[in-house]
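Written below as C-alpha cells is the structure these notes are about.
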Amino acid sequence: MAKRTNTGIRRRGCNDSARAVSRHARSLPMHPQLAALVSQLDAATAHARQLVAALDDATFHARSPRGGWSAAQCIAHLNLTTPAFFPSIDAALASGRPGFADSRRYRRGVLGALLAWSLEPPARLRFPTLPAFVPRSTGSKGAVLADFERFQRELANRIQTASGLDLNELRIRSVFNARVSYNVYAAFCILAAHERRHLWQAERAARSLVAERGA
C-alpha cells in the first residue's frame with residue numbers, strides 16, 4: 001500500500017491545493033473498513049439532500065409544538081459538532097505510524113463501540129447537549145445543506161488520508177467530555193453514527209409537523 005501522509009487534510013486558506021489533494025486521496029486505494037465509512041458518509045449526505053428537498057423553508061425551520069429541535073437545528077447541530085473533532089483528529093493523524101495493512105482490522109474498543117451503538121437510530125438513550133453545540137440560529141435551507149456537505153467532504157478527506165495508518169493506537173479525547181477518550185477509528189464510527197441519529201431526528205421532526213398540520 002502506498003504510504004499516506006497528512007498532506008491530504010484540508011486547511012483554511014489553501015482551498016485549491018486541498019481540493020487537488022482530496023482528488024488524489026480519492027484515487028488511492030483505501031482500507032476496506034475506511035472505504036465503508038466513506039460510503040456511510042455518502043449515504044448520509046444523500047439522506048440530507050432528500051430531506052431538505054422535500055421540505056419547504058417553513059417546515060424545515062419549524063419546531064414541533066411538542067418540543068424538540070427543528071429539522072434545520074438537527075442538521076445545524078451536525079455542522080457544529082463534526083468540525084469540532086477535526087483539530088484533535090488532525091493532530092493524531094500527524095503522528096500516525098504508516099504501514100497498517102489492509103488485511104489487519106481496525107477496532108473501536110469497548111467504549112468506542114458502545115458509544116457508536118448508543119448513537120444509532122432509533123435513539124436508545126438521550127444525551128444532554130453542551131451549550132457550544134446547541135444551534136442558536138440557522139440559515140436558509142441551502143446554506144445549512146451547503147455547510148453539511150462541506151463538512152462531509154472534509155471528514156471523508158480525513159478518513160481517506162488515515163488509510164494505512166495504525167488508527168488503533170491513535171487516541172483522541174471526546175469534544176463532549178474531556179474525560180473520555182477513544183481511538184481515531186472509533187471517532188470516525190461515532191461521527192457517522194451521530195449523523196445518522198440526527199438525520200433520523202430531523203426527518204422525525206418534519207414528519208411530526210406534517211402530521212399535525214394534516215390533523
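Residue under question is Arg150, and the condition is that it be surrounded by fewer than 17 Cβ atoms within 10 Å (Cβ to Cβ) and out of contact with any Phe, Trp or Tyr (no Cβ under 6 Å at 6 or more places or on another chain); does it hold?
Numbers: surrounded by fewer than 17 Cβ atoms within 10 Å (Cβ to Cβ): yes; out of contact with any Phe, Trp or Tyr (no Cβ under 6 Å at 6 or more places or on another chain): yes.
Taking the combined requirement at face value, the residue satisfies it.
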Name every residue in region 60-69 that is in contact (Cβ under 8 Å) with a residue 24 or more places away in the chain and surrounded by fewer than 23 Cβ atoms within 10 Å (Cβ to Cβ), in order of residue number. His61, Ala62, Arg63, Ser64, Pro65, Arg66, Gly68, Trp69
If we take region 33-117, then helices (runs of 4 or more DSSP H) inside it with 1 or more residues that are within 16 Å of Ala187 (Cα to Cα) are 71-84, 86-94
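Here is a yes/no grid of residues against (1) at pLDDT below 95; (2) surrounded by 14 or more Cβ atoms within 10 Å (Cβ to Cβ); (3) outside any strand (DSSP E or B); (4) among the basic types (Lys, Arg):
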{"site": "Pro128", "(1), (2), (3), (4)": "yes, no, yes, no"}
{"site": "Arg158", "(1), (2), (3), (4)": "no, yes, yes, yes"}
{"site": "Tyr182", "(1), (2), (3), (4)": "no, yes, no, no"}
{"site": "Ala186", "(1), (2), (3), (4)": "no, yes, yes, no"}
Among (1) within 14 Å of the chain's Cα centre (by Cα); (2) of a type in the set (Lys, Arg); (3) part of a loop (DSSP other than H, G, I, E, B), the one test that Arg150 misses: (3)
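The values are calculated or read from the model by the stated rules, or taken from the named source; none is laboratory data. Please read these numbers as outputs of a predicted model, since none were measured by experiment. Neighbour counts run over all protein chains shown; Cβ positions are idealised from the backbone, glycine included.
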